[in-house]
Every structure is written in C-alpha cells, then in structure tokens.
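Below you'll find the structure, written out as structure tokens, and then a few comments.
Computed from the coordinates by the stated procedures, all read-outs in this text should not be read as laboratory data. Note that the structure is a prediction, hence the values are computed from the model and not measured. Neighbour counts run over all protein chains shown; Cβ positions are idealised from the backbone, glycine included.
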Amino acid sequence: MLGRMSPVYKADLATGLVREFPELQGVIGGHYWRWENREVLSRPGEGSEKILLEAEAISEHYHPRFPGDTLPESLLGRILAATDKYLYQVAAFKAGLSPSGSEDPYAVRRSGTGLIALLADSGWSISVKDLAERSAGVFGEVD
C-alpha cells in the first residue's frame, strides 16, 4: 500500500486550496485519493476497503503537527506519518537545515518531535541508530 501511495501522498500541497487553507493538508489529499480511485470505490468488494484505508492514512499522515496534537489513528497512517517525518529529518540534515537553539524555520525540530511522539506511542521496537545507518545513502550527496 505504501508503494502505491508514495508518489502522491503529498499531491495536495500543489493545490491552491491547501495553500489558502493549510489546515486542510492531508484532508484534501485523502479526498483526492478517493476521487482518483472512484471507479474502484463504486464496486464494493473489489479493493474498495484498501482504497479507504489508504485515503485515511493520507488524511492523517501530517499528525502530529505540533506537541500535544492527535496522532494518526490507523496503523497505516502511523507508518506513513513516521516514514514521512523520518525522511524529512534525513533530507533536512543532509541539506544542512538543522534547527538552532531558538530558530526552526524549516520545522525540522517539530518534525523530529512528531516522529518521537509517534514512535513512543506506537510501542514499535525501532533503533534510530539502525534507521540512520540504513538510510545514509537514500539521498546521495547534497551539493
């Protein structure tokens, strides 16, 4: 499922609607996913349940957006959120966008605290060191 969603789960960011109403990030993405797969959804039992799970995950993957925010409720939403936040951390640090003590213009700290909240609440046995070692070459060299 993640493979099907990965090319498009952030597609809502390109819309004027989300630029105008950023609080709709994810929500609009979930609606777009349902619309994109409307033919499957019109035939119950032919993968419609999977589409609905994917739409829910897309809708909730931005959570938590700030400390104390709700976490994704679905397992797929938690996996997508954790993956997204982790990849953002790797990309930001590879690009030299680490937050300072008082500034975090690219929301790197916020993304990191969201990832920690997700991992702590989910009870997953994940070694951050192992993740870092496995993903070291994901983005290659940054100029």
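Sequentially through the stretch 93-104, phi angles give Karplus couplings (6.51, -1.76, 1.60; θ = phi - 60°) of 6, 5, 8, x, 9, 5, x, 9, x, 10, 10, 8 Hz, Gly and Pro residues having no value and appearing as x. Kirkwood analysis of the Cα pair distances in the chain returns a hydrodynamic radius of 16.3 Å. In a reduced charge model with +1 at each Lys and Arg Cβ and -1 at each Asp and Glu Cβ, the chain shows a dipole moment near 120 debye about its Cα centre. Relative to the longest principal axis of the Cα atoms of the chain, helix 27-36 runs at roughly 40 degrees.
Taking the Cβ of PRO99 as the centre, find all other residues whose Cβ is under 12 Å away and add up their charges (Lys, Arg: +1; Asp, Glu: -1).
For residues surrounding PRO99, the net value is 0.
Length gained on full extension, ALA14 to LEU87: 24.3 nm, using 0.36 nm per residue less the C-alpha separation.
Counting Lys and Arg as +1 and Asp and Glu as -1, what is the net charge of the other residues whose Cβ lies under 12 Å from the Cβ of TYR32? Value of the local net charge: 0.
Summed over qualifying helices (DSSP H, 4 residues or more, each -39500 (n - 2.57)) and divided by its residue number, the chain shows a 222 nm mean residue ellipticity of -16000 deg cm²/dmol. Going by neighbour counts of Cβ atoms within 10 Å, the residues ASP69, ASP12, ASP84 line up, fewest first, as ASP69, ASP84, ASP12.
Hey, what angle do you get for helix 48-60 against the long axis of the chain, alpha-carbon based, 0 to 90 degrees rounded to 10? That helix lies at roughly 40 degrees to the long axis.
Each residue in ASP121, ASP130 was given a count of other beta-carbon atoms within 10 angstrom of its own, and listing them fewest first yields ASP130, ASP121. Summary: within the chain, the longest segment free of GluC sites (Glu not before Pro) located in DSSP loops with at most 16 other C-beta atoms within 10 Å is 1-45.
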